[in-house]
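Below you'll find the structure, written out as structure tokens, and then a few comments.
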Amino acid sequence: MHREGRPVLRAALPGSIEADVAIVGAGMTGLWTAYYLKRAAPELDIAVLEKEFAGFGASGRNGGWLSAKIPGQFRRFAKSRGIAAARALEREMIASVVEACEVARAEGFGDEVVRDGLMHVATSPAQLARLHAQVAELPDRGWIEGEDFRLLTPSEFDERVHVAGSMGGYWSPHCARIDPARFTFGLARAVERLGVTIYEGTTVRRIQPRAAITDRGVVSAPTVVRALEGYTGSLEGHRRRFLPMNSSMVVTERLTDEQLASVGWRGAELLGDAAHNFAYIQRTADGRIALGGRGVPYDFASGFDRQGRTADAAVTQLGSRLVQLFPGLADARLAHSWSGVLGVPRDWCAGVNHDPATGLADAGGYVGHGVTSANLAGRTLRDLILGEPSELTRLPWVGRTARDWEPEPLRWIAASALYAAYRHADRAEYRTGRARTHASARIADLISGR
Ligand SMILES: Cc1cc2nc3c(=O)[nH]c(=O)nc-3n(C[C@H](O)[C@H](O)[C@H](O)COP(=O)(O)OP(=O)(O)OC[C@H]3O[C@@H](n4cnc5c(N)ncnc54)[C@H](O)[C@@H]3O)c2cc1C
């Protein structure tokens, strides 16, 4: 994971230019949009504008879960557009996992992508109760037991991965393991091969109908796509659109055979726990364990991205969670840590938008499930921009924009208090051993609308 190193920069925008489509941000959203648009309409002149380099943002540094988890809340999508539409989003996410894997293979960046599914483990009675409640909802969401998910007893779970204190969990086949940097760099190269130009080292300051105004000139284009997710607030007029939520990761050195045996994880399943301060984990293709979590979730005034640097407190917290779950790794050295930002809309539901009148389009706010969502968003934006109504343009996240977040300091106080409540609830649930979600987490869910 993240074995690519820092790439050599592509050329910056040479000055003002004209294009058919300007895409702002070269993460997975911008790149998938460019990929599908150019394939469908090769005559389009597409310019991707990127402040740093393609894959610099969350897309190049995530936990590598190419998962079918929908980017938002099923009940909210169902409430706004009906249950059939919300179920359609679930099915399209499942199909998008397969689609992204197939394109990666066909375009030569899928050699390490493995679709072994996703497991969630419970390590306290309250976590187990929550997992069972989540699984009980899946059939209503259109998931078929045995096909789309399977409950695992503690011993069945243990056959796949040895997690200390495991009370069992569930497995779903709809997830693939990726190395995010390799994947995004590979996608960028595929986009270039199609004839799209990616301008790096080019900061977009403002977007307006038919133009992206950068520090190096203006790109005039009938369609301008905003694909900045956690960085959206850096654009003029978009400061409170998404809350830029930090997520941090640690990765061990390559494990010894003995350490690997203690973990017992031979497949490429992705692994998550069921804590409120949720940990997402992968065994990397080169035999390390990478674990991520919220760390320090939010900086005052939506401050984002200190070039990936991670607070010491977050590294300690993630390192101790790793050893709690895998005590056999007590001596494993952490090789790296890093952080990134993802985008959270006020209603915790992602949106994909295109206004034919202004030519402005955007996608993002995937609340931590952006890897597969970006593929689906890219195909959906293709259809919207080309004016071709499809199953995708009818999905319930199309045309969905939440209200802005509250101004500071309210936003910082609320976000910090919520995550303190979740940490408190996790500790209390372990301490009491009760099979019930702790009150502070229930209140936090109510307040946040999560
Ligand atoms: C640590 C971490 C772990 C995660 N784990 C997972 C996971 O396992 N599975 C999952 O589904 N999701 C995960 N996510 C979320 C997921 O990675 C993101 O939702 C997704 O990658 C967003 O892609 P994007 O292209 O919309 O945004 P980004 O990848 O953030 O891309 C935005 C790009 O815009 C550029 N940019 C910023 N400002 C400007 C500007 N002014 N002008 C031009 N360019 C600009 C940035 O440099 C960046 O390259 C994780 C996120 C983080 C941070």
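Things to note:
- Folded to 0 to 90 degrees: helix 439-448 orientation relative to the chain principal axis, Cα: 10
- FRET efficiency estimate (nearest 0.05) - Cβ-Cβ, S80 to S416, R0 22 angstrom: 0.15
- Here the stretch 51-130 is treated as a sphere whose radius is the Kirkwood value from Cα pairs; by Stokes-Einstein at 4 °C and 1.567 mPa s it diffuses with a coefficient of 84 µm²/s.
- Sites R427 and R193, calculated FRET efficiency, Cβ-Cβ separation with R0 41 Å, nearest 0.05: 0.20
- With each label modelled as a point 7 angstrom along the Cα→C-beta vector, the R436-S320 pair spans 2.8 nm.
- Gain on full stretching of the segment that runs from D111 to S220 - 0.36 nm per residue minus C-alpha separation: 35.5 nm
- Accessible surface of the chain [probe 1.4 Å, protein heavy atoms]: carbon and sulfur percent: 52
- The average projected area of the stretch 303-391, computed from the convex hull of its Cα atoms over all directions, is 9.2 nm².
- Calculated translational diffusion coefficient of the chain (20 °C, 1.002 mPa s; Stokes-Einstein with Kirkwood radius over alpha-carbon pairs) equals 97 µm²/s.
- For the stretch 410-450, the convex hull spanned by the alpha carbon atoms encloses 53 Å³ per residue.
- Net +/- balance of residues flanking A126 in space, Cβ distance below 13 Å, scoring K and R +1, D and E -1: +3
- Comparing I46, I198, I213 in a Gaussian network model of the chain (Cα springs below 10 Å), the most mobile by mean-square fluctuation is I213.
- Efficiency of FRET between I144 and D445 - r from beta-carbon atoms, R0 30 angstrom, step 0.05: 0.60
- Cα gyration tensor, the stretch 7-64 - rounded (a/c under 1.5), prolate or oblate: oblate
- Near the amide H of L118, within less than 5 Å, lie the amide hydrogens of S172, H174, C175, L270, all on another chain or at least 5 residues away, with H placed in the peptide plane.
- Subtracting the Cα-Cα distance of E18 and R333 from 0.36 nm times their residue separation leaves 108.3 nm of extension gain.
- Sequence-distant lysines (8 or more away, or on other chains) whose Cα lies within less than 23 Å of K79: K69
- Listed residues G365, G433, G186, most fluctuating in the chain (Gaussian network, C-alpha, under 10 Å): G433
- Accessible area in square angstrom per residue, the stretch 410-450, 1.4 angstrom probe: 58
- Once the Cα-Cα distance is subtracted from the 0.36 nm per residue extended length, the A313 to A11 segment shows a gain of 105.0 nm.
- Anchor K38: aspartates and glutamates whose Cα lies under 14 Å away (excluding residues fewer than 8 positions away in-chain): D20, E192, D383
The values are calculated or read from the model by the stated rules, or taken from the named source; none is laboratory data. Here the structure is a predicted model, which means the values were calculated and not measured. Please note: Cβ atoms are built from the backbone with ideal geometry, for glycine as well, and neighbour counts cover all protein chains shown. SASA here: full protein model, heavy atoms, side chains in, ligands and nucleic acids out. Shrake-Rupley method; radii C 1.70, N 1.55, O 1.52, S 1.80 Å.
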